[in-house]
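Below: one structure, written as structure tokens.
The values are calculated or read from the model by the stated rules, or taken from the named source; none is laboratory data. The model shown is predicted, which means the values in this text are computed figures rather than measured ones. A quick note on method: Cβ atoms are made from the backbone with ideal geometry, for glycine too, and the neighbour counts reach across all protein chains shown.
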Amino acid sequence: MLRHRGFCLSLLVLLAGAAACSPSAKPASRSGGPTGWPAAVDAIATYQAADRQRMLESGAREEGTVTWYTVLAGDIVDALAQGFQQKYPYIKVDANRPSGQRAILTKVNQEAQAKHYSVDVVQSGLTDLLPIRDDVKGLTPYFTPEAKSRPQQAVTPASGGLSWWINDSDSYIGFAYNTNAIPDAIAPKTTKDLLNPALKGKMAVVSTSGVPWVGNVLAHESESFVQQLSKQDIAVHEISAKALADLVVSGEVAASPTIYSSHASQAIQKGAPIKWVPLEPVLDGAYSTAIALHAPHPHAALLFADFLLGPDAQKIFQTYLYGNPSRDPGFKSWVAGQGETADQFEKDYNHWQDDFTKSFVQK
């Protein structure tokens, strides 16, 4: 298993005990269609007949809920849940945002170890999705009519015209600074400018986005550059990326190279003294939607995936200033793990984590 995600034996025993009393991950057989509709999760996920929508809505009415694990934070989570429930008022959205580095991966792996499954839809980046698919074996390929509206690079294909996951939104990580604390003249225009002595002691990062940020720096600069950055006295905060953005807005933290463009843009719209700079290549969160192999509510899961990828949710993403995978953001971007297997990515991630810890946590 992955080196950085050990599991507490007592927790697994507790979960395993609960699993003995839990319902099956697969629904009972249903025969609402003329020739009988599928009951197994993988068959529901791959269903492409003309009555797919009717089949999904019929099953979702019986299920009544969908459990969504997401890396999104803030008001957009409620906005997406409310948008879906306006369309399907008989389905409750149970949104779950685990905290910490690769927390969704950890949570899904715990469920797999205990065989006690809760998640229906996983929405995250490749740092979670690759090992959930390849190591945990926790995802199933699926069909959605929304795939045809996505560019090729936004779809991770499976066989038979199916997808493992589909990019639903982009969240770019760049440099943000409080304009009352940092003059525009010393704000960096490139990653190399982070070494400006005027920025020493004025920057902070969070570990959740700090590790892939270091990966981006290593991929496009060098080990020695990271060592030079470590001398800039960059503080590490064990809080969410949104919370760090709020600290930059308040001026408690002057600047950070790990601020999401959406968080900065939302603050700017409210008149906050903050600016965001894309240091190319910009790290892209590239959030994607996947279906859990053992989804307890597979019909509702497919409806929710259709929604997240469809025009109604895309309007909500746009309102909250998330990037659209079908549009050029106007700068070069980089997605950590793109084109790699889980094993390849794990080696990279462990390297980044070690460098992050050595350079910024244990200095």
In the range 167-187, which residues are closer than 18 Å to G330 by Cα and part of a loop (DSSP other than H, G, I, E, B)? S171
For the range 57-88: of the residues being modelled with pLDDT of 95 or more and of a type in the set (D, E, K, R), which is nearest to I316 (Cα to Cα)? D78
Number of the exception - V206 against (1) under 18 Å from the mean Cα position of the chain (by Cα); (2) not assigned by TED's automatic domain parsing to the domain that holds Q353: (2)
Condition check for I91: aliphatic (A, V, I, L, M), surrounded by 19 or more Cβ atoms within 10 Å (Cβ to Cβ) and either outside the structural domain of L302 (by TED's automatic domain parsing) or at pLDDT below 95 (or both): no
Counting only residues that are surrounded by fewer than 14 Cβ atoms within 10 Å (Cβ to Cβ) and either of a type in the set (G, A, S) or touching a helix residue (DSSP H, G or I) at 6+ places or on another chain (Cβ under 6 Å) (or both), which one in the range 41-53 is farthest from E146 (Cα to Cα)? A43
Residues (over 18 Å from P281 (Cβ atoms), among the charged types (D, E, K, R) and either free of Cβ contacts under 8 Å to residues at least 40 places away in the same chain or outside the structural domain of V253 (by TED's automatic domain parsing) (or both)) located in the range 176-203: K200
Anything in the range 344-363 that is of a type in the set (D, E, K, R) and more than 19 Å from the chain's Cα centre (by Cα)? List them, or say none. K347, D354, D355, K358, K363
When D193 is evaluated against the numbered criteria (1) assigned to a loop (DSSP other than H, G, I, E, B); (2) over 25 Å from the mean Cα position of the chain (by Cα), which criterion, by number, is the only one it fails? (1)
Could you tell me which numbered condition Q314 fails, if it satisfies all but one of (1) more than 18 Å from V217 (Cα to Cα); (2) out of contact with any strand residue (DSSP E or B) (no Cβ under 9 Å at 6 or more places or on another chain); (3) of a type outside the set (V, I, T)? (2)
Considering only helices (runs of 4 or more DSSP H) fully contained in the range 219-298, which possess at least 3 residues that are at pLDDT below 95? 241-250, 261-269
Verdict on L321 being in a loop (DSSP other than H, G, I, E, B), touching a residue at least 24 places away in the same chain (Cβ under 8 Å) and not assigned by TED's automatic domain parsing to the domain that holds P183: yes
Under the condition of being within 14 Å of L293 (Cα to Cα) and not hydrophobic (A, V, I, L, M, F, W, C), which residue from the range 134-175 is surrounded by the most Cβ atoms within 10 Å (Cβ to Cβ)? Y142
More than 22 Å from P298 (Cα to Cα), surrounded by 17 or more Cβ atoms within 10 Å (Cβ to Cβ) and not assigned by TED's automatic domain parsing to the domain that holds H294: is that true of I76 in this structure? no
Sole exception among (1) surrounded by fewer than 18 Cβ atoms within 10 Å (Cβ to Cβ); (2) within 20 Å of the chain's Cα centre (by Cα); (3) not in a loop (DSSP other than H, G, I, E, B) for A301, by number: (1)
Which one is surrounded by the most Cβ atoms within 10 Å (Cβ to Cβ) among residues in the range 280-289 that are touching a Gly at 6+ places or on another chain (Cβ under 7 Å) and within 14 Å of G215 (Cα to Cα)? G285
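Take the residues of the range 119-149 that are of a type in the set (S, T, N, Q) and more than 18 Å from the chain's Cα centre (by Cα): which is farthest from W164 (Cα to Cα)? So that I can check it myself, show each step before the final result.
Taking the range 119-149 as the starting set, the residues that turn out to be of a type in the set (S, T, N, Q) are 123-124, 127, 140, 144, 149.
Those left that are additionally more than 18 Å from the chain's Cα centre (by Cα): 144, 149.
On the way: T144: 11, S149: 16 Å.
Only one residue tops the list, namely S149.
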Residues that are outside any helix (DSSP H, G or I), in contact with a Gly (Cβ under 7 Å, 6 or more places away or on another chain) and under 24 Å from V66 (Cα atoms): does the range 118-139 have at least one? yes
Out of all the residues in the range 158-186, which are under 21 Å from V248 (Cα atoms) and touching a Ser or Thr at 6+ places or on another chain (Cβ under 9 Å)? S171, Y172, I173, G174, F175, A176, Y177, N178
